[in-house]
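Okay, structure first, notes after.
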Amino acid sequence: MAATVSSFPVVNMEKLETEERATAMEVIRDGCENWGFFELLNHGISHELMDEVERLTKAHYATFREAKFQEFAARTLEAGEKGADVKDVDWESTFFVRHLPASNLADLPDVDDRYRQVMEQFASEIRKLSERLLDLLCENLGLEPGYLKAAFAGSDGPTFGTKVSAYPPCPRPDLVDGLRAHTDAGGIVLLFQDDQVSGLQLLRGGEWVDVPPMRHAIVANVGDQLEVITNGRYKSVMHRVLTRPDGNRMSVASFYNPGADAVIFPAPALVGAAEEDRAEAAYPSFVFEDYMNLYVRHKFEAKEPRFEAMKSAIATA
């Protein structure tokens, strides 16, 4: 059972331009340090564009992906009801779009010109919002402007892509999750989620907490790389998607990650900070692509052994 928490951090970004800026910045800090998640309102992406993304995404699922998913669903339910363990699968229909360093949108089958155009426009807006957020995080952390964007750059700029998902109704939510619990490997994730169908939860203080659906909001969450760069001040947290017997939840999650060859390490300005637990670097230095190669094999496991494995790999190199 999920905990209901009324203090879930929600940032009205319009307040960043007013005398309430300090209050809004404090909500961002609280979200990054104590939740790993926060929601953004009045973020600058037009409601009309978001509505069109939602309309076209749901239509694309119904036209091109639903029948294939129903075949998967029937096989999964049959196996589960016969006693097989189906907890190692996810009740989702997804496709992936790469934006940077090179786009694959033109190569995706079954994506018509209108949907492609809208997705390109939305990705451009999400990228700008991601980079604005990174600058706000620099300000909160006391890092020089542009530090995080530069840390992600590598030799060819950041890696940026979108996972488009549907979480259809499941008649047996007890058998299978929509998406198993995990932390996100990369930098910062910006999610446009369904405002009518819930299911996303984060783990906080040993309890699962609902990430509340809000109309035209963007959900932001901290990835593993930001935890490393901030030397543990910011935390990536376990999160999951539950299945529901009713409603088809839409999720458009965009990942602003380091470039493949970016070297990730705790920011020197955040090592030796006043807090005793950050007096020295708590995380290793590593190449992002090496971390991803480890992550894909251990995504649905705790993050700490991944950090330790990177540290051991460096020690023995």
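Are there any pairs with C-beta distances below 8 angstrom linking a residue in segment 261-289 that is at pLDDT 90 or above and of a type in the set (Val, Ile, Thr) to a residue that is surrounded by 13 or more Cβ atoms within 10 Å (Cβ to Cβ) and in a helix (DSSP H, G or I), with the two at least 6 apart or on different chains, and if so which? Listed pairs, sorted by first residue: VAL263/PHE288; ILE264/ALA151; ILE264/GLN225; ILE264/VAL228; ILE264/ILE229; ILE264/PHE288; ILE264/TYR291; VAL271/ARG278.
Results for (1) at pLDDT 95 or above; (2) assigned to a loop (DSSP other than H, G, I, E, B); (3) within 12 Å of the chain's Cα centre (by Cα), shown as yes or no for each residue.
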| residue | (1), (2), (3) |
| --- | --- |
| ALA151 | yes, no, no |
| LYS163 | yes, no, yes |
| ALA166 | yes, no, no |
| LEU190 | yes, no, yes |
| VAL197 | no, yes, no |
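Name the single residue that is nearest to GLU144 (Cα to Cα) among those in segment 232-260 being outside any loop (DSSP other than H, G, I, E, B) and either among the β-branched types (Val, Ile, Thr) or free of Cβ contacts under 8 Å to residues at least 12 places away in the same chain (or both). Write out each step before concluding.
Here is the first cut: in segment 232-260, the residues outside any loop (DSSP other than H, G, I, E, B) are 239-241, 249-257.
Still in the list and also either among the β-branched types (Val, Ile, Thr) or free of Cβ contacts under 8 Å to residues at least 12 places away in the same chain (or both): 241, 252.
On the way: VAL241: 36, VAL252: 31 Å.
Top of the filtered list is VAL252.
Name the residue that is farthest from ARG240 (Cα to Cα), counting only residues in segment 67-121 that are open to solvent by less than 90 Å² (accessible area, probe 1.4 Å) and aromatic (Phe, Trp, Tyr). Looking at residues that are open to solvent by less than 90 Å² (accessible area, probe 1.4 Å) and aromatic (Phe, Trp, Tyr), I get TYR115. How many of the residues making up segment 199-210 are closer than 17 Å to GLU33 by Cβ and not small (Gly, Ala, Ser)? Here the count works out to 4.
For segment 40-85, enumerate the residues that are hydroxyl-bearing (Ser, Thr, Tyr) and in a helix (DSSP H, G or I). Don't jump to the end; show me each part of the working.
Of all residues in segment 40-85, those hydroxyl-bearing (Ser, Thr, Tyr) come to 46, 57, 61, 63, 76.
Across segment 40-85, the qualifying residues are THR57, TYR61, THR63, THR76.
Quick check on segment 86-136: of everything there that is of a type in the set (Ser, Thr, Tyr) and either assigned to a helix (DSSP H, G or I) or touching a residue at least 24 places away in the same chain (Cβ under 8 Å) (or both), which residue is farthest from PHE160 (Cα to Cα)? The residue in question is SER93.
Residues that are free of Cβ contacts under 8 Å to residues at least 60 places away in the same chain and part of a helix (DSSP H, G or I) were ranked within segment 138-149; the one that is surrounded by the most Cβ atoms within 10 Å (Cβ to Cβ) is CYS138.
Based on what the data block shows, is ALA153 of a type in the set (A, V, I, L, M, F, W, C), in contact (Cβ under 8 Å) with a residue 24 or more places away in the chain and buried (at least 21 other Cβ atoms within 10 Å of the Cβ)? Before the answer, list the steps.
On the way: of a type in the set (A, V, I, L, M, F, W, C): yes; in contact (Cβ under 8 Å) with a residue 24 or more places away in the chain: yes; buried (at least 21 other Cβ atoms within 10 Å of the Cβ): no.
No: the conditions fail for ALA153.
Does segment 190-205 contain any residue that is crowded, with 19+ Cβ neighbours inside 10 Å, closer than 22 Å to GLY259 by Cα, touching a residue at least 40 places away in the same chain (Cβ under 8 Å) and not polar (S, T, N, Q)? The answer is yes; a qualifying residue exists. Can you find a residue that is surrounded by fewer than 17 Cβ atoms within 10 Å (Cβ to Cβ) and either among the polar types (S, T, N, Q) or over 30 Å from ALA22 (Cβ atoms) (or both) anywhere in segment 122-134? Yes, segment 122-134 contains at least one residue that is surrounded by fewer than 17 Cβ atoms within 10 Å (Cβ to Cβ) and either among the polar types (S, T, N, Q) or over 30 Å from ALA22 (Cβ atoms) (or both).
The values are calculated or read from the model by the stated rules, or taken from the named source; none is laboratory data. For clarity, every value in this text was computed on a predicted model and none was experimentally measured. Cβ: placed from backbone, ideal geometry, glycine included. Neighbour counts: every protein chain shown. Side chains are part of the model used for accessible areas, which takes the heavy atoms of the whole protein and leaves out ligands, DNA and RNA. Shrake-Rupley method; radii C 1.70, N 1.55, O 1.52, S 1.80 Å.
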